[in-house]
Structures are given as structure tokens and as C-alpha cells.
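One structure is given below, encoded as C-alpha cells.
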Amino acid sequence: MQAQFCTGMAVACLLDTMREFSSSLLRSSSAPEVRLVHDDFAGWDAYVARHTSACTYHQSGWKAVIEQSFGHQTRYLEAVEGKRIVGVLPLVVMKSLLFGRFVVSLPYFNYGGILADHQDAEQALLDAARGLAIGEAATHLELRHRAPHGLGLIPKRHKVTMLLGLQPDVERQWREFDPKLRNQVRKAEKSGLKIQTGGEELLDSFYRIFARNMRDLGTPVYGKEFFQAILTNFPASTKIFICRLQEQPVAAGLTVTFKDTVEMPWAASLREYRHLCGNMLVYWEAIKFSIMQGFGTFDFGRSTPDGGTFKFKEQWGARPVPLTWEYWTVNPGQLPEMSPSNPKYQWLIQIWKRLPMQVANRVGPLIARAIP
């Protein structure tokens, strides 16, 4: 009787194994096809526009921005079932003497990674990206996801994005702010600071402030052509805010809009004028613009928890949302470390802060193109 029971159990286990194997084959045979997209992005951008988890950096226009500004090779992967797009993954192949070869989605920006309808499409895109990275002899693949995708990748949760849910009208938003913050905005206004908004015509003023601020922080600056490419490829969804003391630009920001969100990824101010709170006026004017245009969220961009920029953004009422950057590496468990907070870069940062602006602006873009 016991032998019969054991035999029955063995048969049942065998049948279960066969069923699992058959299901696996079925899933494999119906896996989405992944293809490279070179020039016809109409279907891609339509897919991004209707996907609820998409961010602006999934749009194909950023491909041209990266290629025109930095000269990197891009690989835009699309997962399809029949004629229907079920996922996309924009990738940039980075090659440099500083950090070697690696693949990122997407460098220079806060977000990127896989955008898909279901896990089969996610897995197909990841498999293709991993194969591409191996083919490029890359040390790792970095996907800048806003939430974990559960694909067996190594997660890194060292950054947060700071999001402010906007009130329906400007007055209600103003009342939501702390009195200290409101006083800083009033101080800027009483000091005679004025805001000018526009596009490409303000790029020179923006870049002078941004480049100076980056030098003072000890960080190589992007070339002006990077911001020119952004404004050229996204004229309807970008805006520059310049804060002036009479004719002198003292603070600036550049916003990018997508769906319900206004993001300010790049902002800066001149140190000698910071006591006038021009940066506060820039952010307040950008928030007012967002509300008046009917947007629901203001994205202050990413920060290190409890760092200086984190606290600045937190005072506006922005809430931290953890980001999950996910990695595949050639050497399992060995994550890349390219952060400027890495102690081995501190001496370089101190030297950079002392460079003349002409030198920093000439050499900086050559280094910045290699830092994702």
C-alpha cells in the first residue's frame, strides 16, 4: 500500500513537472519580439504618450539630444506582439577612458528604464539589453527606474525624487507654504528682482549662471549645445526662467513638461547674490506657471536623502519618492561607483573649484560627457 502511494506521488510530481515545462515552452514561444528602432518613432511616441507610467525621457526626442550633444551611440529597443507595441527601452552606450564601457537608460537624466505592458515584455527587453551590453563588452547595464521591476536585477536606492502636489490655484498654494519660505520670496521681490521667461533667446543667460555654479561646486559642466538641443527638440515643452537684478542675471532654471508634470532638472544661482533669494523667486514663478497652466505635479528632481538640495526642496512641501536604479553587472554583486561623493574624487573637486571659468567651460564638457 505504501509503495503504491509513493508511486502515485511520483507520477503526480512528474505530471506537475511536465505541465510546468509545457507552460514554460508556451510562454517562451509567445514572448514578444524585440527589435531596434532607427528612424520611424511615430508608433513609439504614441505608445509612450498613452502609457500611464511613462516619463518624458521615454520620448524619442531625447535620442537626438544625446546624439547631438555627446556623440554617444543609442539603441532604442521596442517589444512587439504582432503589430502592437507592448514595451520600449531607450539605451545609451557609454564609452570613456574614465569609466570604461557601460550601457544606461538614461544617462544625464533622472529617469528612464523599461516601459512595458506586462512582465513578459519587460523580460524580453531586459534580455535584449543584456545581450547588447555583452556585445558591447560593457561592464554593466544601468536602468534608472522609479520603482523596482522585479526582474532579478541588483537594486540601488541611494536617491529620491522630490514631488510637490500642486493646489488648484496660486493663492491656495501660497498659503500652503511655511511663513519663512514666503518671507524669502517676498525678500526677492522687495530687492527688485524680476523674472523673465522664454526659450532659446535666454539660453546664453541661463548657461552663464549654470556653468559658473557648476564650477563653484567642483563639477564639470555640460556643453551649451546640450541645452540648445533640448530647447530645439522640445520647443513646446521647455521653458527658461531667468531672475535678474536690473540687467544682471543672478539665478535661473529650465523646466520640462510632460503630461501632468512640470520638472525642473537644472537650476542654479550666483553665490554673491544668494542673499537676495533669487533662486526662491525662480522656483516660485515656475510653480505659479505650473498651476496656471493646469499641471498637477511639480518635480524638483532627484536628491540624496537629507542632503543640502533635499532640504531645500523639502521646505517647499515636496515629498520624497524613493528611486530604484537597477543593475546587471558582468561581475555579480559589484555595483559601479561614479558618484562625486566618492572620497577618491574629492581632490579633483577641490582643484576644479579653482579653475578659471574659461578653462572649466572648455574642458568640462569633455569630461561631463563621460559621467552619466
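The values are calculated or read from the model by the stated rules, or taken from the named source; none is laboratory data. Remember, predicted model here, so these are calculated numbers, not experimental data. Cβ placement follows ideal geometry from the backbone for every residue including glycine, while neighbour counts extend to all protein chains displayed. Just so you know, the surface numbers come from the protein's heavy atoms only, side chains and all, with ligands and any DNA or RNA stripped out. Shrake-Rupley method; radii C 1.70, N 1.55, O 1.52, S 1.80 Å.
Listing for the model above:
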quantity	calculated
Whichever residue in region 228-258 is open to solvent by 10 Å² or more (accessible area, probe 1.4 Å) and either aliphatic (A, V, I, L, M) or in a loop (DSSP other than H, G, I, E, B) (or both) and, among such residues, is farthest from GLU189 (Cα to Cα)	PHE234
Given (1) under 20 Å from the mean Cα position of the chain (by Cα); (2) assigned to a loop (DSSP other than H, G, I, E, B); (3) within 30 Å of LEU132 (Cβ to Cβ), number of the condition PHE295 does not satisfy	(3)
Residues that are touching a residue at least 40 places away in the same chain (Cβ under 8 Å), crowded, with 20+ Cβ neighbours inside 10 Å and not aliphatic (A, V, I, L, M), drawn from region 114-134	GLN123
Selection status of GLY308, free of Cβ contacts under 8 Å to residues at least 12 places away in the same chain and either farther than 26 Å from LYS156 by Cβ or of a type in the set (Lys, Arg) (or both)	no
Some residue of region 15-32 being open to solvent by 70 Å² or more (accessible area, probe 1.4 Å) and at pLDDT 95 or above	no
Residue in region 285-292 that is of a type in the set (Asp, Glu), outside any helix (DSSP H, G or I) and out of contact with any Asp or Glu (no Cβ under 8 Å at 6 or more places or on another chain) present	no
Within region 41-68, tally of residues that are touching a residue at least 60 places away in the same chain (Cβ under 8 Å), open to solvent by 30 Å² or more (accessible area, probe 1.4 Å) and more than 21 Å from VAL86 (Cβ to Cβ)	1
Selection count, region 174-202, where residues are within 25 Å of the chain's Cα centre (by Cα) and surrounded by 19 or more Cβ atoms within 10 Å (Cβ to Cβ)	1
Filter result for TYR273 (of a type outside the set (Lys, Arg), part of a helix (DSSP H, G or I) and open to solvent by 40 Å² or more (accessible area, probe 1.4 Å))	yes
Tabulated pairs, region 273-287, first under 15 Å from ILE209 (Cα atoms), second in a helix (DSSP H, G or I) and charged (D, E, K, R), C-beta under 6 angstrom, 6+ apart or interchain	CYS277/LYS187
Where a residue in region 243-266 is polar (S, T, N, Q) and its partner, wherever it lies, is part of a strand (DSSP E or B), with Cβ under 6 Å and at least six apart	THR255/LYS239; THR255/VAL262; THR255/MET264; THR261/THR297; THR261/ASP299
Filter pass, ASN361 being crowded, with 20+ Cβ neighbours inside 10 Å and either among the polar types (S, T, N, Q) or touching a residue at least 60 places away in the same chain (Cβ under 8 Å) (or both)	yes
Within region 69-110, considering residues that are aromatic (Phe, Trp, Tyr) and open to solvent by 10 Å² or more (accessible area, probe 1.4 Å), the one modelled with the lowest pLDDT	PHE99
Condition met for ARG319 (open to solvent by 20 Å² or more (accessible area, probe 1.4 Å), within 22 Å of the chain's Cα centre (by Cα) and modelled with pLDDT of 95 or more)	yes
Region 208-227, residues that are open to solvent by less than 20 Å² (accessible area, probe 1.4 Å), part of a helix (DSSP H, G or I), among the aliphatic types (A, V, I, L, M) and under 20 Å from LEU348 (Cα atoms)	ALA211
Helices (runs of 4 or more DSSP H) within region 300-372 that include 2 or more residues β-branched (Val, Ile, Thr)	346-352, 357-368
Boolean, MET280 is over 24 Å from GLY223 (Cα atoms), surrounded by 20 or more Cβ atoms within 10 Å (Cβ to Cβ) and either in contact with a Pro (Cβ under 6 Å, 6 or more places away or on another chain) or modelled with pLDDT of 95 or more (or both)	yes
